[in-house]
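Just below is one structure, and these are the notes that go with it.
The values are calculated or read from the model by the stated rules, or taken from the named source; none is laboratory data. Remember, it's a predicted structure, so these values are computed and weren't measured experimentally. Because the Cβ atoms are built from the backbone with ideal geometry, glycine has one as well, and the counts that use them run over all protein chains shown. Note: areas computed on protein heavy atoms with side chains; ligands, DNA, RNA excluded. Shrake-Rupley method; radii C 1.70, N 1.55, O 1.52, S 1.80 Å.
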Amino acid sequence: MRREIAVVAGIGREELMVEAKRLQVPYEDLLRVHEEKTLPVPIFSAGGVATPADAALMMQLGAEAVFVGSGIFRSEDPEARAKAVVQAVTHFEDREVLLRVSTGLRKPMPSLDVRKLEKEDCFALRGN
Amino acid sequence: MPVGILAVQGGFAAHVKCLQALGQETVLVKTPWDLARCKSLILPGGESTAIYHLMQTSGLTQRVRDFKGPILATCAGTILLSCHVEGTQPFTPLGRIDISVRRNAYGRQLQSFVGDVELAGDKCKGVFIRAPKIIRLGFGVEVLGRFGVDPVFVRQKNISVATFHPELVDGHSFYSGVIETQTAT
């Protein structure tokens, strides 16, 4: 996503109309992204964040917000883990904080290997 | 010395952008050590209860209470610095400026708006997002800007607070209080 934003920011202004048609977005919105070099909304990351370290990694990769759902509620210690994730996102570049909040947590949510999922279990294919 | 911007939650990035456009060095303040590097401080908009909670867990609440340098606050930051928040208080505000505030005073997110703010002999565009209202002004609090009859930009000593977001409309002039100190020292 950040690379796509960088492309829009980097191409010539005269190419934006064609790009807007290709992306099927309003020209004014694309122009704004081109000028401000960012989206007019926060870049959220969501899905599969199971540990405070995962959440911090999302922030380090350029997310502006992290959504954690199953990662908290399907873990063994939702309350403690939620607090840890909040601290990890706030202090995402502070290794000592990350280490401290990652210590003493119980089991995270069980992981799924995407390659082994049955088609029916793939949420992304629903509705197509 | 850089300007500190409280960065535990909220719209701190917009302030960073404005200050960098002014050629001013900034520090994202998430810990007392970050704050110690700064002679002035900005409290951004965001979610005041979340900011307060994260200030507590980061050991910043008392430091901001004791901070001697100039402070500029916008929206949620204004709520945090006030003396009293109307209604059930999810936290005790820091009491750095003698005002009382009412949260979400103009309505919910959908009621956010852009309005004309009257400053001393000037006007500017005010972006009001779930903005609070200043419902009581203590003795010694000057009104620097109004939206209609509402005081929306006020100052007491070296604490300046706005209920709108000058950082969202290139409000460079609003930073003079927190930048001036740098050139004076």
Note down the relative contact order for the range B:67-136 as a percent, whole number, built from C-alpha pairs under 8 angstrom at least six residues apart. 28 percent
For the range A:61-127, what does the alpha-carbon gyration tensor say about shape, rounded, prolate or oblate, given a ≥ b ≥ c as the root eigenvalues, a/c under 1.5 as rounded, and a/b over b/c as prolate? prolate
For the range B:84-127, state which trypsin sites (Lys or Arg not before Pro) are in a DSSP loop and have at most 13 other beta carbons lying within 10 Å of their beta carbon. B:108
What percentage of the solvent-accessible surface of chain B, computed with a 1.4 Å probe over protein heavy atoms, is contributed by carbon and sulfur atoms? 53 percent
What distance in nm lies between label points placed 7 Å from Cα along the C-beta direction at residue A:36 and residue A:82? 3.1 nm
Suppose R0 equals 45 Å. What FRET efficiency, 1/(1 + (r/R0)^6) with r the Cβ-Cβ distance, do residue B:119 and residue B:65 give to the nearest 0.05? 0.95
With N residues in the range B:1-106, Rg(alpha-carbon) / (2.2 N^0.38 Å) equals 1.01
Report the label-to-label distance for residue B:112 and residue B:157 in nanometres (one decimal), using points 7 Å from each Cα along the Cα→Cβ vector. 3.3 nm
Too-long pairs where the Cα-Cα distance tops 29 Å, listed order kept, from A:37/A:107; A:37/A:116; B:17/B:125; A:37/B:133; B:17/B:68; A:21/A:119: A:37/A:107; A:37/A:116; A:37/B:133; A:21/A:119
Interface residues, the range B:20-49 - accessible area loss of 40 Å² or more versus chain alone, probe 1.4 Å: B:30
Computed on protein heavy atoms with a 1.4 Å probe, what is the summed buried accessible area for the chain pair B and A, in Å² to the nearest 100? 500 Å²
Three-way shape call for chain A based on the alpha-carbon gyration tensor, with the a/c threshold at 1.5: oblate
Tell me, what is the percent relative contact order of chain B, built from C-alpha pairs under 8 Å that lie six or more residues apart? 21 percent
For the range A:1-63, which trypsin sites (Lys or Arg not before Pro) are both in a DSSP coil and crowded by at most 15 other Cβ atoms within 10 Å? A:37
Within the accessible area of chain A (1.4 Å probe), percent carbon and sulfur: 56 percent
I need the calculated FRET efficiency for the pair residue A:13 and residue B:137, taking r as the beta carbon distance and R₀ as 51 Å, to the nearest 0.05. 0.60
In the protein assembly as shown, what % of DSSP beta bridges are antiparallel (nearest 5)? 55 percent
Taking the solvent-accessible surface of protein heavy atoms with a 1.4 Å probe, what is the per residue accessible area of the range A:77-128 in Å²? 82 Å²
Extending each Cα 7 Å along its Cβ direction at residue B:57 and residue A:1, get the distance between those two points in nm, one decimal. 2.2 nm
Solvent-accessible area per residue for the range B:1-141 (1.4 angstrom probe, square angstrom): 45 Å²
Added length on full extension, which subtracts the Cα-Cα distance from 0.36 nm per residue, residue A:122 to residue A:93: 7.1 nm
The summed charge of the residue B:144 Cβ neighbourhood (under 12 Å; Lys/Arg +1, Asp/Glu -1) stands at -1
